Amino acid sequence: MLYINCPHCGLRSQNEFAYGGDATVKRPELNKEISDQEWDNFVYLRKSPRGKHLELWHHISGCRQWIKVERDTSTHEIFKTYKANEAIE
Amino acid sequence: MSQDFRLDNVGMVNREKKISFKFNGKKYFGFEGDTIASALIANGVHLVGRSFKYHRPRGFFGVGVDEPYAILQLDRNNERDPNIRATEQEIFEGLEVKSVNCWPSVNFDIGAINNFLKMFFPAGFYYKTFMWPPSFWYKIYEPFIRMAAGFGEASTKHDKERYEHKYEYCDLLITGSGPSGLASAYAAAKNGARVILAEDKPRFGGSLLTSDVNIGNQTGVEWTEKIIAELKSMPNVTVKNRSQVFGYYDHNMLVMSERISDHLPKTQKYLPKQRLWYIRANEVLISSGSIERPLVFGNNDTPGVMLSSAAKEYLKVYGVLVGKKPLIFTNNDSGYETAIEFKKNGVNPIILDTRSNPSSDIITEAKNLNIEIKFSYVVVAAKGYKKVKSADISKISEDKKELFNIENIECDCICVSGFWTPSIHLASQSGNKSKFNEKIDAFVPDKSKQQENTIGSANGIFTLEKTIKDAFDKGFDVSNKITEKNNKVSVPTVVEKKSTDHDKFWCVPLPKGKSYKRFLDFQNDVAVSDIELALREGFRSIEHVKRYTTLGMATDQGKTSNLNGLQLVSDIENKVVPQVGHTTFRPPYTPVSIGAIVGREVGKHSKPTRKSPMHSWHEKNNAIFVDAGVWLRPRYYKQGNEGLFEASKREAKNVRQNVGVCDVTTLGKIDVKGPDAAEFLNRVYTNAWLKLPVGKARYGVMLREDGIVMDDGTTTRISENHYHMTTTTAQAANVLSHLEYYLQLVWPELNVNVVSTTEQWAGAAIAGPNSRKLLMKLFPNLDVSNEGLPFMGYKEADLFGIPAKIYRISFSGELAYEINVESDNGYFMWEKIMEVGQEFQIQPYGTEALSTLRIEMGHVAGSELDGRTIPYDASLEGLVSKKKDFIGKRSLNRSAFISTDREKLVGVVPIDKTTSIPEGSYIVKDPKAKLPNPKLGHVSASCWSVEYDNPFSLAIIKDGKNMIGQKLFAMSPLKNKTIPVEIVSSHYVDPEGKRVRS
Ligand SMILES: [Zn+2]
């Protein structure tokens, strides 16, 4: 079970969190004309990298903040965690 | 039977306490502290089971977790517990165990015929034999395999035992209390670290219990007792016996199973049977020791053939002789230690040593004790069927390829030692890639992957002096890293006998003309010939060989077989073992009860139960409850002999004719606050929200980004920057996460906060033509006229002294209001509504009547919003704004979503107006069409219309808009029904919506 360092609460067990998928996906701006392809990329297409991955976790049984976690998908090593609005290094 | 094989003055069992137990219905005696294995051996019993494939007789091979043979079934307090290892289970008064995998009895087993048919059971026999024809699987092969296979029978009854979970944190977890575990625990504890020391056996000490050594002028046992006593007295140390750390998971989370009362006759009421510990450790020292390796020879599975270290432990710990004419077959010095213990207790062993001329302290001692030793000798085959009676032995050539004159010598047990295999399982589970150590012919842990280090013989260190010294150092280093303290304890002096190298020989060749089975995996009956066959058939990868032959795949996970299997493959392939590689170790290290994994989360505790503040009123008034997520909701209120159908019909009818009240506390409620709240709602919902005035509610639909309807509900503007959102009971949690996602990540610039208020409000929906009259009496000072409180209006008022919120919203199609009060006042509100409502013929109604009412008016709910429907499908397209953007809008332009023949919501009425249509039925044009019958759609919800007194259903069907008036068929293959139906509008009652606005 992962041990995730919530930037708001500190180290907490994985079972307090819900997984939220790829954190690098950016929602297209509202009211912007975009192609079907662009929209499909946003809604459906995700990379499934082996290794470093920036992903979203939601601390649902804690502070209820969405956080960003940089994790290795094969070793589960967590390198860094970020607040939702923090700049990614 | 008397204990013929028990020595008088040796061992650690409690001779004061005699214990009787039953094995296969027969009564035996042992002592407190005995395992089933030691007690049976003391009684001369060696036949305890039959092997998996050939049903060959099985005895005892080891003395602990590595035991491949002695797996029994335990009957206790009228419950069955299969897969009990006799070498681990301690006896208690009244214990009853029996053999498994044999019928009708262990002595006469019909399945043993497999042994004579073994040419038909080669490697991969499942794949080859049971392939064709496919129809044979279900009726013939599977029942046969099921009957022949398996270790014991699981109980089908509810397990009444108590299991617990515990979460623990520590600086240092040490897995095993042998010399390295004790030394490192002591050093770390003295340096201030919070230590957990776990030992899987009842007794601490590991190899110190049986080896003839001296530490700090004390015997191994004395030193163990001293260290354990001191550790137990320290507040920063937890010492646990009967506790197996079986899994090493991510981020240094380890799981340990503690057997709390498995060894006790009758569990006290609140004493758990087992406890599962989830331990998050800063550091782990793996001191799990090593397991002796078997030597491979003909019929090496005969009862009486066992590991030499096991024979020594039975003798020294339990005072039990595994035989009185022992033959020791060894390729290293360990066999000599066992021989010396036999000799000291008046038994004359014969040692066969595969080495030609070894010399060491231990060998010299054996010679001085006049023990008969034959160098360059091997056991060719064990003789005897249910127990070893003699052995064919032979001198072997220097190159170990040739056998000379085979002679037969009498013996009643053969104690084998093929050197030691470090238990690297936990290190491997942690992600540590192991490396092969040629000196010991075994894998040892390589670079640490997580915060783990392996010490002692688990790390391939087989001298006590180095083990103790390293462990003291490691315990200090690791604790120093954590506590930054420098309290170093001195390392005691160690006296042990020097031993010499082992012989790299492990498998005795077959003599000419003989085809003895030479077993590698004793539990799955995998012999040398099976591996050879697999390689001949082209299997190369060790992972494939393993799966094809089932080598190492039994419940012992190949603890005694893996390495010999690898040796064999590398010999045949002319490779070295590290080139062959080894299979992956996965948790659990030893079998774990399902009960322990489940813990207390059974029955009522498997999930929380949520009840509304009015729950006790519902109970008192004969409510029959239904699970709605984790909520309990009244399904209907039973009167007299009514069933669900009659009661819900009565309740729904009363809403249409008079007035009803329904507990809607379970609806999700979310407060949305902030200056940008309107803008936020406008982006979340498909319809427009910017112009909703204060004091007004609006119905809204929200989508996922892929355009699928996520949830619906009403949201009310309470004040300028405060909205009260409601969600469905089922989606409440998801909607909150969804809103938080957009506020925190996508539009952080919006100044809005959301918080769940579901628990804060108790809700009662009042519906029916009499509801306004009732409201006038509940709130005499409030103007509840159609002008004062119009449809979708909102008012705050005083309900007999308590503050209440009144929403004029309707899910039933009737004139209706929803009253919310603070949860603590819910019961009071409900009683007042019932009391005042009496004169208007009020009746409470449950979820079944609620469904009937919503289906009749064509209001969609969970069964239509099933994760596949877009607004159009559920006839919600009128709520989709064309002007503004919102979550999921762009998806609605995708080609599949604008296609004109999409499935759409319709109503369905049976032509005969009497036959109910099962939910889930298909709507088809021709019921006799060839299968698969092209379906037009499916029936999503059904009810008995109280308005028209006939069955009515909602369905989502292809091109629904143009199907109104068509005569089709509803088919339910499950219920075996075909019903002629007519498609009608989904708005079956009051299609113009006059009543809700009246
Ligand atoms: Zn948090």
Pairing a residue in segment B:524-537 that is surrounded by fewer than 18 Cβ atoms within 10 Å (Cβ to Cβ) with any residue that is of a type in the set (Gly, Ala, Ser), where Cβ atoms lie under 7 Å and the two sit 6 or more apart in sequence or on different chains, gives B:533/B:123
Going through segment B:803-830 in order, the residues found to be open to solvent by 30 Å² or more (accessible area, probe 1.4 Å) and in contact with a helix residue (DSSP H, G or I) (Cβ under 7 Å, 6 or more places away or on another chain) are B:811, B:822, B:827
Filtering segment B:775-788 for residues that are closer than 17 Å to residue B:801 by Cα and either open to solvent by less than 40 Å² (accessible area, probe 1.4 Å) or part of a helix (DSSP H, G or I) (or both) leaves a count of 6
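Sort out which residues of segment B:538-576 are among the charged types (D, E, K, R) and either under 19 Å from residue B:298 (Cβ atoms) or open to solvent by 10 Å² or more (accessible area, probe 1.4 Å) (or both), and write them in order of number. Even if it seems obvious, please write down each step before you answer.
Taking segment B:538-576 as the starting set, the residues that turn out to be among the charged types (D, E, K, R) are B:540, B:543, B:546-547, B:556, B:559, B:571, B:573, B:575.
Once the filter is applied, which keeps residues that are among the charged types (D, E, K, R) and either under 19 Å from residue B:298 (Cβ atoms) or open to solvent by 10 Å² or more (accessible area, probe 1.4 Å) (or both), segment B:538-576 yields B:540, B:543, B:546, B:547, B:559, B:571, B:573, B:575.
Out of the residues in segment A:9-19 that are surrounded by fewer than 15 Cβ atoms within 10 Å (Cβ to Cβ) and within 12 Å of the ligand (Cβ to nearest atom), state the one that is nearest to the other protein chains (Cβ to nearest Cβ).
Within segment A:9-19, the subset surrounded by fewer than 15 Cβ atoms within 10 Å (Cβ to Cβ) is A:9-11, A:15, A:19.
Next, only the ones that are within 12 Å of the ligand (Cβ to nearest atom) stay: A:9-11.
Values: A:9: 15, A:10: 13, A:11: 9 Å.
So, considering only residues that are surrounded by fewer than 15 Cβ atoms within 10 Å (Cβ to Cβ) and within 12 Å of the ligand (Cβ to nearest atom), the one nearest to the other protein chains (Cβ to nearest Cβ) is A:11.
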Q: Could you tell me whether residue B:238 is at pLDDT below 95, assigned by TED's automatic domain parsing to the domain that holds residue B:170 and more than 30 Å from residue B:366 (Cβ to Cβ)?
A: no
Residue B:762: passes all of (1) within 29 Å of residue B:870 (Cα to Cα); (2) open to solvent by less than 10 Å² (accessible area, probe 1.4 Å); (3) not in a helix (DSSP H, G or I) but (1)
Of the residues in segment A:31-89, those that are more than 10 Å from chain B (Cβ to nearest Cβ), over 24 Å from residue B:743 (Cα atoms) and open to solvent by 70 Å² or more (accessible area, probe 1.4 Å) number 6
Per the list (1) surrounded by fewer than 17 Cβ atoms within 10 Å (Cβ to Cβ); (2) closer than 22 Å to residue B:818 by Cα; (3) of a type in the set (Lys, Arg), residue check on residue B:717 breaks on (1)
Of the residues that make up segment B:736-752, is at least one surrounded by fewer than 20 Cβ atoms within 10 Å (Cβ to Cβ) and under 30 Å from residue B:995 (Cβ atoms)? no
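This table checks each residue for (1) in contact with a Lys or Arg (Cβ under 9 Å, 6 or more places away or on another chain); (2) within 30 Å of residue B:946 (Cβ to Cβ); (3) in contact (Cβ under 8 Å) with a residue 60 or more places away in the chain.
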position: B:734; (1), (2), (3): no, no, no
position: B:765; (1), (2), (3): no, yes, yes
position: B:769; (1), (2), (3): yes, yes, yes
position: B:780; (1), (2), (3): no, no, no
With the first residue restricted to segment A:7-21 and required to be within 16 Å of residue B:279 (Cβ to Cβ), and the second required to be among the hydroxyl-bearing types (Ser, Thr, Tyr), Cβ contacts under 6 Å at 6 or more apart or on different chains are A:11/A:3
**Item:** Residue check, residue B:678 in a loop (DSSP other than H, G, I, E, B), more than 14 Å from chain A (Cβ to nearest Cβ) and open to solvent by 10 Å² or more (accessible area, probe 1.4 Å)
**Value:** no
Residue B:870 passes all but one of the listed conditions (1) assigned to a helix (DSSP H, G or I); (2) within 14 Å of chain A (Cβ to nearest Cβ); the exception is number (1)
Does residue B:640 fit the bill of being part of a helix (DSSP H, G or I) and free of Cβ contacts under 8 Å to residues at least 60 places away in the same chain?
no
Of the residues in segment B:883-900, those that are polar (S, T, N, Q), more than 8 Å from chain A (Cβ to nearest Cβ) and under 10 Å from residue B:706 (Cα atoms) number 0
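The values are calculated or read from the model by the stated rules, or taken from the named source; none is laboratory data. Source: prediction; values computed, not measured. Note that we place each Cβ from the backbone using ideal geometry, even for glycine, and neighbour counts take in every protein chain shown. Accessible surface is based on the protein model in full, side chains and every heavy atom, while ligands, DNA and RNA are left aside. Shrake-Rupley method; radii C 1.70, N 1.55, O 1.52, S 1.80 Å.
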